[in-house]
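In what follows, a single structure is set out as structure tokens and then discussed.
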Amino acid sequence: MENFKILIIILLSSVFVDNYVLSRFLGICPFLGVSEKRDQAVGMGVAVTFVMLLATAATWPIQYYVLNTLNLGYLQNIVFILIIAVLVQILEMFLKKFSPSLHKGLGVYLPLITTNCAVLGVTINNIIDGYSFIESMVSSLGCGLGFLLAMVLFSGLRSRINDVHVPGPFKKLAATLIAASFISLAFMGFSGIVEKIFA
Amino acid sequence: MKEKSSLSVFLNGIIKENPVLVLVLGTCPTLATTTTVNGAFGMGIAALVVLICSNIFISLFRKIIPETMRIPCYIVIIAGFVTMVKMLVQAFLPDLYATLGVYLDLITVNCIILGRAEMFASKNTVVSSALDGIGMGIGFTLALTVMATVREVLGAASFAGIAIPFMESFKIEFMTKAPGGLLVYGLLIALIHVVTHGKAPVKASFSCEGCIHSATCVSGACKREGVES
Amino acid sequence: MKNSIKNLTVFVCICTVITVLLAITNSITAPIIEKNQNASVNAALLEVMPEGKDFEEVDLTEYELPATVAEVFRETEGQGYVAKLVTAGYGSDMVVMCGVNADGVVTGAVCTASNETLGKEKTYGEGFTGKNADEVDAVDTIAGATKTTEAYKNAVKDALNTAIILGGGSVDIRTEEEILADNLNAALPEGEGSFEKWFMVEQLDSVDAVYAAENGAGYVFVTGEQFVGVKADGTVVTDGVTAPESFAGFVATIQASVLEDIDLSVYPDLEATVVSAKKTASGSYVLETKGAGYGIKGGDEYHPASNEYIRVRVSVTPDFKIIDCLTVSEAETDGLGDACADESFYGQFAGKSEADYTEIDAISGATLTTNGYIQAIERAFAAIKVLNGGAQ
């Protein structure tokens with residue numbers, strides 16, 4: 001029961017409180033770049049969540065059973081990024097071959113994910129935070145869902161911005177960033193809530 | 001490709017194609033590490049070192065690195081230099097290491113570095129690649145420092161950790177928090193737009209050209225699906 | 001095919017070169033990093049044990065230590081120990097470093113991390129320097145932060161106990177709850193370890209508290225230091241009890257206590273102050289009354305529109321003596337007024353009479369809460385007068 005509580009807290013705090021995009025600034029590029037349309041935002045979010053889970057499932061055992069036992073901790077960065085790159089490649093080939101419809105939906109976002117700092121960030125953070133395997137998976141799920149949530153919310157906001165008149169210098173980029181700032185401000189309201197759920 | 005003059009290569013990154021303010025690359029560290037001037041400057045220098053080393057290394061081996069395997073090769077080289085810089089920072093600047101934390105590791109996926117490897121170092125001589133790296137790195141550091149100055153002065157009433165006495169009662173703590181970062185970044189981009197009369201940020205929209213993923217975007221995802229705005 | 005082998009070879013070569021470079025860098029930086037980390041750990045330890053020379057971490061697996069102890073460092077020349085303690089304060093965990101010398105005296109205590117609301121705990125540890133185990137409780141509390149103070153004192157006590165245990169001694173490291181549970185279980189093993197405090201609705205001579213076994217096996221009476229177990233049929237289990245028959249009588253009284261509901265709609269005057277009222281066979285009253293909490297501005301006026309009152313259950317003899325008292329609910333400030341829900345506060349009212357019920361220790365930093373609580377008791381007395389038919 002106690003373990004279950006910890007998992008719930010990890011999940012909720014990574015979705016809301018420590019939202020990767022809005023409070024830790026990881027994965028900002030796709031957040032700004034692919035949030036124009038809701039469909040794309042959802043596609044990107046789902047793809048990121050999936051790759052995060054896959055990457056964590058692969059990197060956690062490698063860190064603890066290979067790198068740590070061989071005392072090669074300093075290769076963490078290289079190994080992780082290569083694993084992510086390879087995973088993304090394999091996943092894309094797999095989808096292309098076995099599920100063309102899914103590939104059509106998610107496949108186009110996959111190449112963009114290799115250099116998404118949120119994915120590398122979540123795998124490294126799981127190790128830094130000393131999470132167990134299950135906790136790492138839950139935290140990755142939470143981070144992915146948090147990313148998806150931010151993307152979807154923001155795509156809604158952007159479609160509104162596109163419909164209104166924005167003063168010249170603020171067109172496009174500046175207005176988008178300031179709008180993102182407001183969403184981030186709203187998410188600040190979550191801080192301190194999660195720890196209190198079971199208090 | 002015609003070689004540009006050394007000076008123009010060098011200045012290019014600082015002003016005309018400032019990676020942060022004009023190309024809008026490397027947004028994650030720009031937002032995350034600019035809460036303090038020290039952190040931002042440290043981040044800039046760390047990225048600068050990685051950028052120079054990886055540019056030189058990649059340019060040196062540009063004839064050997066096979067076309068089809070180039071992205072994994074770049075990633076390994078960059079990740080290697082990032083880890084080296086990380087270890088050096090941890091050993092000799094432990095305070096900075098504590099401030100930057102995981103963001104040091106994440107220089108690996110900083111699009112500026114991969115982008116410069118793909119767009120410049122792989123096509124130019126070692127000398128101009130090094131100059132390009134220095135220019136881009138300084139441009140990155142400058143932009144980060146400017147942003148951090150605004151945020152730290154307004155948000156924490158201090159500059160590089162030194163308190164500014166008369167500002168103490170006018171702190172806007174929000175500036176050092178996440179939303180403040182996005183707000184200041186947005187305002188700076190708007191300011192650049194005004195200063196350059198709207199010329200610079202043309203490139204800055206989220207087009208494929210400015211897209212961080214243009215380096216790795218092998219399947220041309222943006223073009224095919226019309227992702228660009 | 002030939003091409004891809006060549007490509008792969010190049011890739012592997014690059015990987016090898018980079019790995020070799022990394023290994024070289026690592027071999028240069030690793031010792032420095034380790035030295036830095038040791039230095040920063042040592043600096044933290046020296047802060048709480050300035051006399052210390054060098055420290056080594058103690059392997060804690062073979063010791064049974066208080067739950068708060070996270071790490072312990074031994075001063076290599078035998079000057080004492082430094083314990084790192086993680087406590088649960090209000091809001092979140094607090095990390096306290098505490099040094100104890102060979103004589104069992106605190107050499108320093110410092111809070112290295114906390115998300116507490118006040119921030120005074122940063123310097124609070126200074127007060128413990130030079131104190132031994134008996135003097136810790138006397139250290140001044142932080143005004144308005146009872147729980148933080150309590151957690152801090154317990155952490156320091158745990159550090160002192162840890163030093164004794166590591167030095168080969170033995171200490172009772174049980175918490176108060178564990179001690180109570182052990183005592184209850186010893187007094188009435190038939191209760192199978194699960195007891196619930198019984199709210200005393202009848203006066204039982206010289207009995208401080210009664211615990212009922214949840215499986216119905218019987219009761220444990222606390223009189224002074226003694227725990228007396230009595231089975232449900234009145235058999236006294238505990239040896240050496242001076243007047244066993246009186247305890248049999250108490251059990252009979254408890255079992256016979258029938259609470260008769262009083263219809264409050266007959267007394268419109270009491271509507272605003274009394275939640276419920278019951279009467280026992282012997283004429284005692286069990287009332288639940290409201291007191292104005294801190295949430296209500298002014299502190300002494302009950303505001304009917306607000307839900308933020310303190311709800312108190314109190315049992316009173318016909319001659320206005322408080323038998324037992326309990327906080328049913330409260331919405332007071334976390335870490336301050338919510339101390340009114342602690343037994344250490346409301347337990348003070350039991351045994352008081354109408355003349356002296358205000359003479360209790362107030363909750364530090366929460367005067368309005370204390371006043372509101374006293375008001376709730378005052379209203380109980382007033383209500384009984386009304387129920388008895390007298391003038392209010």
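The values are calculated or read from the model by the stated rules, or taken from the named source; none is laboratory data. All figures in this text were calculated on a predicted structure; none of them were measured in a lab. Here the Cβ is made from the backbone with ideal geometry for all residues, glycine too, and neighbour counts use every protein chain on show.
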Point to revise | Qualifying residue in the range A:183-195 (condition: buried (at least 17 other Cβ atoms within 10 Å of the Cβ), modelled with pLDDT of 80 or more and assigned to a loop (DSSP other than H, G, I, E, B)) | key: yes
Practice item. Could you tell me which residue of the range C:46-65 is surrounded by the most Cβ atoms within 10 Å (Cβ to Cβ), considering only residues that are closer than 15 Å to C:Leu160 by Cα and at pLDDT 80 or above? Key: C:Val48
Exercise for review: Could you figure out which of (1) surrounded by fewer than 20 Cβ atoms within 10 Å (Cβ to Cβ); (2) free of Cβ contacts under 8 Å to residues at least 24 places away in the same chain; (3) closer than 30 Å to A:Leu67 by Cβ isn't true of C:Thr112?
Suggested key: (2)
Revision key, fill the gap. Scanning the range A:164-191 for residues that are more than 7 Å from chain B (Cβ to nearest Cβ) and touching a residue at least 60 places away in the same chain (Cβ under 8 Å) gives A:Thr176, A:Ile183, A:Phe187, A:Phe190, A:Ser191
Review point. Of all residues in the range A:34-65, which are free of Cβ contacts under 8 Å to residues at least 12 places away in the same chain and within 14 Å of chain B (Cβ to nearest Cβ)?
Key: A:Asp39
Check your understanding: Residue check: is A:Phe4 more than 14 Å from chain B (Cβ to nearest Cβ), assigned to a helix (DSSP H, G or I) and either in contact (Cβ under 8 Å) with a residue 60 or more places away in the chain or hydrophobic (A, V, I, L, M, F, W, C) (or both)?
Key -> yes
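Among C:Glu34, C:Glu64, which is of a type in the set (D, E, K, R) and either outside any loop (DSSP other than H, G, I, E, B) or in contact with a Lys or Arg (Cβ under 8 Å, 6 or more places away or on another chain) (or both)?
Numbers: C:Glu64 fails: either outside any loop (DSSP other than H, G, I, E, B) or in contact with a Lys or Arg (Cβ under 8 Å, 6 or more places away or on another chain) (or both).
Going through C:Glu34, C:Glu64 in turn, the sole match is C:Glu34.
Do you know which of the residues in the range C:8-33 that are small (Gly, Ala, Ser) and in contact with a helix residue (DSSP H, G or I) (Cβ under 9 Å, 6 or more places away or on another chain) is surrounded by the fewest Cβ atoms within 10 Å (Cβ to Cβ)?
Taking the range C:8-33 first, the residues small (Gly, Ala, Ser) are C:23, C:27, C:30.
Within this subset, residues satisfying the condition of being in contact with a helix residue (DSSP H, G or I) (Cβ under 9 Å, 6 or more places away or on another chain) are C:23, C:30.
Numbers: C:Ala23: 13, C:Ala30: 16.
Among residues in the range C:8-33 that are small (Gly, Ala, Ser) and in contact with a helix residue (DSSP H, G or I) (Cβ under 9 Å, 6 or more places away or on another chain), the one surrounded by the fewest Cβ atoms within 10 Å (Cβ to Cβ) is C:Ala23.
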Check your understanding: From the set of residues in the range B:79-135 that are of a type in the set (Phe, Trp, Tyr) and within 14 Å of chain C (Cβ to nearest Cβ), which is nearest to B:Leu51 (Cα to Cα)?
Key -> B:Phe81
Point to revise | Subset tally (residues that are surrounded by 18 or more Cβ atoms within 10 Å (Cβ to Cβ) and in contact (Cβ under 8 Å) with a residue 24 or more places away in the chain) for the range B:155-169 | key: 2
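Table: residues versus (1) surrounded by 17 or more Cβ atoms within 10 Å (Cβ to Cβ); (2) away from chain C (no Cβ under 14 Å); (3) modelled with pLDDT of 85 or more.
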| position | (1), (2), (3) |
| --- | --- |
| B:Thr68 | no, no, no |
| B:Ile71 | yes, no, no |
| B:Ile75 | yes, no, yes |
| B:Lys171 | no, yes, no |
Study note, to complete from the structure: Among helices (runs of 4 or more DSSP H) completely within the range A:75-120, the ones holding 2 or more residues that are under 14 Å from the mean Cα position of the chain (by Cα) are A:110-113
Check your understanding: Consider C:Ala43 against the criteria (1) within 14 Å of chain B (Cβ to nearest Cβ); (2) at pLDDT 85 or above: it satisfies all of them except one. Which criterion is unmet?
Key -> (2)
Exercise for review: Would you mind stating whether C:Val86 is in the same structural domain as C:Ala151 (by TED's automatic domain parsing), at negative phi and not charged (D, E, K, R)?
Suggested key: yes
Check your understanding: Quick check, is C:Asn38 surrounded by 17 or more Cβ atoms within 10 Å (Cβ to Cβ), outside the structural domain of C:Glu150 (by TED's automatic domain parsing) and not hydrophobic (A, V, I, L, M, F, W, C)?
Key -> no
Review point. Scanning for something modelled with pLDDT of 90 or more, buried (at least 19 other Cβ atoms within 10 Å of the Cβ) and aromatic (Phe, Trp, Tyr), does the range B:90-98 turn up at least one residue?
Key: no
**Study point:** Residue list for the range C:1-40, restricted to those being of a type in the set (S, T, N, Q) and at the interface with chain B (Cβ under 7 Å from one of its Cβ atoms)
**Key:** C:Asn7, C:Thr25, C:Asn26, C:Thr29, C:Asn36
Review point. Taking the condition more than 22 Å from the chain's Cα centre (by Cα), modelled with pLDDT of 80 or more, part of a helix (DSSP H, G or I) and under 20 Å from C:Leu259 (Cβ atoms), does C:Ile384 pass?
Key: yes
**Study point:** Residue count for the range A:14-37, restricted to those that are buried (at least 23 other Cβ atoms within 10 Å of the Cβ), more than 15 Å from B:Tyr103 (Cα to Cα) and not hydrophobic (A, V, I, L, M, F, W, C)
**Key:** 5
Practice item. Within the range B:5-29, track down each residue that is of a type in the set (Val, Ile, Thr), within 12 Å of chain A (Cβ to nearest Cβ) and out of contact with any helix residue (DSSP H, G or I) (no Cβ under 6 Å at 6 or more places or on another chain). Key: B:Val24
Exercise for review: Could you list, in sequence order, all residues of the range A:62-98 that are within 22 Å of B:Leu88 (Cβ to Cβ) and in contact with a Gly (Cβ under 7 Å, 6 or more places away or on another chain)?
Suggested key: A:Leu67, A:Ile78
Review point. With (1) more than 8 Å from chain B (Cβ to nearest Cβ); (2) more than 21 Å from A:Leu87 (Cα to Cα); (3) in contact with a Phe, Trp or Tyr (Cβ under 7 Å, 6 or more places away or on another chain) as the list, and A:Ser132 as the residue in question, which single condition is left unmet?
Key: (3)
